[in-house]
Structure formats: structure tokens, C-alpha cells
Amino acid sequence: MTTSEKNSAKNTVSPTEYAKFDHNTIHQKLNKSLSRPQLNSDGSIRHFLGVEGLNKAQLQAIIAKAETFFDDKGQLINSPELEGCTVMNLFFEPSTRTRTTFEVAEKRLGANVLNIDIERSSTKKGESLRDTLWNLQAMTADIFVVRHSASGAAHFMATEVTPDIAIINGGDGWHAHPTQGMLDMLTIHREAPRPFEELSVAIVGDIKHSRVARSDISALQTLGVKDIRVCAPRTLLPKGMARFGVKVYEDMDSCVTDCDVIMGLRIQNERIGSPLLASSNEYYKHYGITPERVALAKPDAIVMHPGPMNRGVEIASSVADGAQSVILTQVNNGIAIRMAVLSLAMEGQRAHQAAGK
């Protein structure tokens, strides 16, 4: 066993050990173990792999950086902070919204942008992921933005394959979607009627399979939200959710009552008509975000959704397009957050490399 493997084994906490901890202890242990590969010794970010592992000040720094990319009228501005840098977008699974907003963010920062066509890449010809990444690294890449179906893929790349290239996690399996989580935090920061510490947030939908839910819950807890509620059919709720410091509901009306934020999640079409979910009509009846349910929340509550939306299944069109919806604002904020993460990670990576010389 290598030294790295020994250290990893020593720092690993088994599921049975986690069962003994309260949610605060679980959160602290996850943060401690996941912070190591992301941060320099001074706490600056050099990879962005997940919101887990970052403390409140670090999440606030990302939000503050994103705010600098808006002008006085709330419009996005360009900033040449990545001029001369090469960013490669490596999307090993389909994406439209995330990939497009990353590309827009990269170009607004002045980077040279390459979208690698994975379907025609050498990985489809049998080349290993390591060799593909090492070849791309040899082409003087500075940042890899990675989406992969395997949970932990971005972490593997940052620690085992290309540690001297800034790795940005664009979503990995069921594990995490950290830039979505942070754009949601930026949206709440800018649009919610009260500060994080005073908010009640309801998250509704497929909690079990949602990497967005995992990132959002972790970020909300780190930023001080004490009342986090989740609601889903039992088949779409992971076991033991209450241990992670959230309140679990099966009744949607109770969940959203007096909330400040209602956040819907996407229901994947393949789950409809399966043992997990009887039908789209049944789901909408019990868990759809309808005008009647929004009326149960506080009058100034906001409605969010990471997209893509299934109208008439997860959310009513009148709500999605209504005055309390900030769904399109989330998309715009996604550009600012991705600009912030790209800029901060490149700055941290440069500092790391300079310190090693």
C-alpha cells in the first residue's frame, strides 16, 4: 500500500461510524476530509470539487467575487482575468445549460476555450482516462471543467492525475453539482427577503438521486440556514436524511408553509412509470409546485428550479413564469458564479505552483 493509500484509509470514515454521529459532526468530518485537495495552505481555492470542504468565509468569498461581475444596473460585465489561459471543457455526459454557461463565463474572462468532443475522443477508442488527461495537459491546458457520470471523478483527477491543472467539477454522478449549488446561493443572497441565518428553505423533488440537492443542502448549512426542509415520495428520499440536519416531510403543503424559498428539483423521465414513481399526474398532484402551494409560503417567498423544468409535473407554468419565480435569474447568476470559481481557482493554482518553485 502506498503512502497516499495509507493516508486515505486513515482518513476514511465508514458508514457504520457515520451512523454514530449527529449531523453537525458529520458535516464537520466531511468538510475536513474534502477540503484537503481543494485548498492551498492559506485557504485559497485551487480546485473547485464541491462545496463540502469549504467553510462559510470561503463560500462568502465566492459569492463576493461573483458580485464583482455585475455592474450598477445588475448587468454582467467582462473581465480579462483569464487572458492567455486555456480552459478545456470535458463533458463525459450530456449537458446544455451547464456547458453553455461555463463557456460563456470562460469567454467573458478572456480565456482560450476548447470544447473536447468526448464522443470522438480517444477514450472511445480504449484510451484510459489518465492518458487522455495527460495528453490534454501536454497541450498546455490551465483549467479542466469536468462533468462525469462517475461520482468522485473530479476529485480523482485533482488528486491522482493532473493536480497542477485547476479542476472545476461540473457535476459528478449523484455526488455533487457545486457550481449549481453556488449559483443557487448567489440567487438566494441577491433575491431572498432575509439573510441566510433567518431563512426557511424547502427543497422538493427527487432528493435521492439529485447531486443538486446534496450541494445545496451542504452550502445552506455552511452559510447558516437552520430550517432546511426536504419533501419527496418515500421512494425518492434517501434513508437517514434527518441525520444530516434537515426536516423530512412527505406532505408538500406542510413542507412549504411559511417558507422563504421553495426549490424544485427535476424528476428524470425514466423514473416516471417505474416502481419509484407511479405517474407524472400523481407526482404533480402531491408534489407539484402550484399557485395554491406557493400561497402557503411567505408572501415574499421566491421559487427556484435548477432546470430543465418539466412543466405540469414538477411546477405549474403560472408559477414558473410568475412574479415570485427567479428561475431565469438563476441562469444568469450561473454565469457570474462560474466566472468567480474559474478566476479564483486559477489564481489559487498559480499561487500553489509559485510556492512549489
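Among the numbered criteria (1) over 30 Å from Glu81 (Cβ atoms); (2) at pLDDT below 95, which single criterion is violated by Gln353? Evaluating Gln353 over (1) over 30 Å from Glu81 (Cβ atoms); (2) at pLDDT below 95 leaves (1) as the failure. Among the residues of segment 208-241, those that are outside any loop (DSSP other than H, G, I, E, B), open to solvent by 10 Å² or more (accessible area, probe 1.4 Å) and over 12 Å from Val51 (Cβ atoms) comprise Asp227, Arg229, Arg234, Thr235, Met241. The helices (runs of 4 or more DSSP H) found wholly in segment 244-357 and carrying at least 2 residues that are within 30 Å of Ile45 (Cα to Cα) occupy 327-356.
Consider Ala158 carefully, then state whether it is in the same structural domain as Glu52 (by the TED database), open to solvent by 10 Å² or more (accessible area, probe 1.4 Å) and among the small types (Gly, Ala, Ser). Criteria not met by Ala158. Taking the listed residues Gly205, Gly173, the one that is among the small types (Gly, Ala, Ser) and surrounded by 22 or more Cβ atoms within 10 Å (Cβ to Cβ) is Gly205, with no other qualifying.
Report yes if Arg214 is in contact (Cβ under 8 Å) with a residue 24 or more places away in the chain, of a type outside the set (A, V, I, L, M), within 28 Å of Ile116 (Cα to Cα) and assigned by the TED database to the domain that holds Leu54, otherwise no.
Values: in contact (Cβ under 8 Å) with a residue 24 or more places away in the chain: yes; of a type outside the set (A, V, I, L, M): yes; within 28 Å of Ile116 (Cα to Cα): yes; assigned by the TED database to the domain that holds Leu54: no.
No, not satisfied.
Does any residue of segment 327-342 turn out to be crowded, with 18+ Cβ neighbours inside 10 Å and more than 22 Å from Phe70 (Cβ to Cβ)? So far as segment 327-342 goes, no, none of its residues is crowded, with 18+ Cβ neighbours inside 10 Å and more than 22 Å from Phe70 (Cβ to Cβ). The single condition among (1) within 21 Å of the chain's Cα centre (by Cα); (2) open to solvent by less than 30 Å² (accessible area, probe 1.4 Å); (3) of a type outside the set (Gly, Ala, Ser) that Pro94 does not meet is (2). Restricting the first member to segment 143-154 and to residues that are farther than 12 Å from Pro178 by Cα and outside the structural domain of Phe102 (by the TED database), and the second to residues that are open to solvent by less than 10 Å² (accessible area, probe 1.4 Å) and polar (S, T, N, Q), no beta-carbon pair is closer than 9 Å while six or more apart or on different chains.
Of the residues making up segment 321-357, those that are closer than 25 Å to Thr100 by Cβ and free of Cβ contacts under 8 Å to residues at least 24 places away in the same chain are Asp321, Ser325, Leu328.
Sub-7 Å Cβ pairs linking a first residue in segment 88-99 that is touching a residue at least 24 places away in the same chain (Cβ under 8 Å) to a second residue that is surrounded by 20 or more Cβ atoms within 10 Å (Cβ to Cβ) and of a type in the set (S, T, N, Q), at least 6 apart or interchain, are Arg99/Asn89, ordered by first then second residue.
The values are calculated or read from the model by the stated rules, or taken from the named source; none is laboratory data. Note that the structure is a prediction, hence the values are computed from the model and not measured. Ideal geometry is used to build each Cβ from the backbone, glycine not excepted, and the neighbour counts take in all protein chains shown. We work out accessible area using only protein heavy atoms, side chains counted, and drop any ligands, DNA or RNA first. Shrake-Rupley method; radii C 1.70, N 1.55, O 1.52, S 1.80 Å.
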